[in-house]
1. Quickly work out the Ala227-to-Arg278 label distance, labels modelled 7 Å from Cα along the C-beta direction, and quote it in nm with one decimal.
2. Top to bottom by accessible area (1.4 Å), largest first, where do Val258, Val218 land?
3. In nanometres, what is the gap between the two model label sites at Asn53 and Cys212, each 7 Å from Cα along Cα-to-Cβ?
4. How much FRET efficiency would the formula 1/(1 + (r/R0)^6) give for Thr42 and Trp253, where r is the Cβ-Cβ distance and R0 is 22 Å, rounded to 0.05?
5. Sequence-distant or interchain residues sharing an amide H contact under 5 Å with Thr10, placed H: which?
6. Pick out, in residue order, every one of the GluC sites (Glu not before Pro) in the stretch 219-271 that is DSSP loop and has at most 15 other C-beta atoms within 10 Å; say none if there are none.
7. Quick one: accessible surface of His251, probe radius 1.4 Å, all protein chains present, in square angstrom to the nearest 10.
Amino acid sequence: MSASESKKVTLVMPAVQPQHVTTALPEGIQFCSPGLREATGTLFFVSPELPMNPAEARGQLHDLLQYGLSFHSARDMSGVVLAERFAKKETPKPLADEFAELDSFVATGKFVPVEKDEPVVDTGLQVRIAAQKTLLLAWDMESRVAELAALKDKFTTSSANMDAILGITDEDDLEELPGIEPKLTLQGDVEEDLGVPWRAVAGAIIEFAPACARFVAVKKELVDVVADIGKDITPDSVTVEEYGFVLPQEHGWKLYSVKAYALLGHTRAPEGRDSLNRTLEIFTVA
């Protein structure tokens, strides 16, 4: 992908599924694909840096979900996945090395220390694998959020229909009606209840985004952080030629620049995460 093409890529952050975003987005804005077959097409940006192909990604998601059955919540599971060490060193074998050195001494009369082969660890690859795992978990969690939201809507509709059938109004005290138990309610934010870690997902999206890509913040917590620590660089106009999409003059959006590591709550880029040294341009929706 050329620099001019990369500059036109604008990715949603931190959502990875269109159905998870309630904000009306202009045509041309894309979602970062976790590498699954269903996450392709014009709505998705499929990074060439994804380490797992679609079949491997599907298998990895299955393994992660099976592993996750041992945790109480999605937050616990994602925390363990994100804490996974990027590099695992082989356990040294001092006794085996010593015997090899002794054998050499007996055979030659000279003490020649055995050269030890150090395992070569591709830190960048390990970072990308962890990032793709994060996107896969985010994809699954957003699917579950959508399912729970649909169930909540169905429950609310069924409850209203029951009220109409029984002739119950909001003023009725259900506890005083014979044979009628107070209605159950579904409360809480399903996304918050699932513990979707937006900073982890945002970091994974940044890892696979082209160097000149821009972003659109669609989560309130992210918008608040961007507005708090970012520099307002809102242009006079947004054109397809420059940004890959167009906004009307009275769009109410703003554009900020912010260091990636600061956005994710760091004072500097963590070791092995050079991608977080970049300065991001992020749109926020009024």
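1. The modelled label-to-label distance comes out at 2.6 nm.
2. Sorted by accessible area, descending: Val218, Val258.
3. 3.1 nm
4. 0.55
5. Sorted by chain and number, the residues that satisfy this are Gln30, Arg214.
6. Glu250, Glu271
7. Spelled out: His251, probe radius 1.4 Å, area about 50 Å².
The values are calculated or read from the model by the stated rules, or taken from the named source; none is laboratory data. None of the values given here were measured: they were computed from a predicted structure. We place every Cβ from the backbone using ideal geometry, glycine too, and count neighbours over all the protein chains shown. Quick note on the areas: whole protein, heavy atoms, side chains included, nothing else; ligands and nucleic acids left out. Shrake-Rupley method; radii C 1.70, N 1.55, O 1.52, S 1.80 Å.
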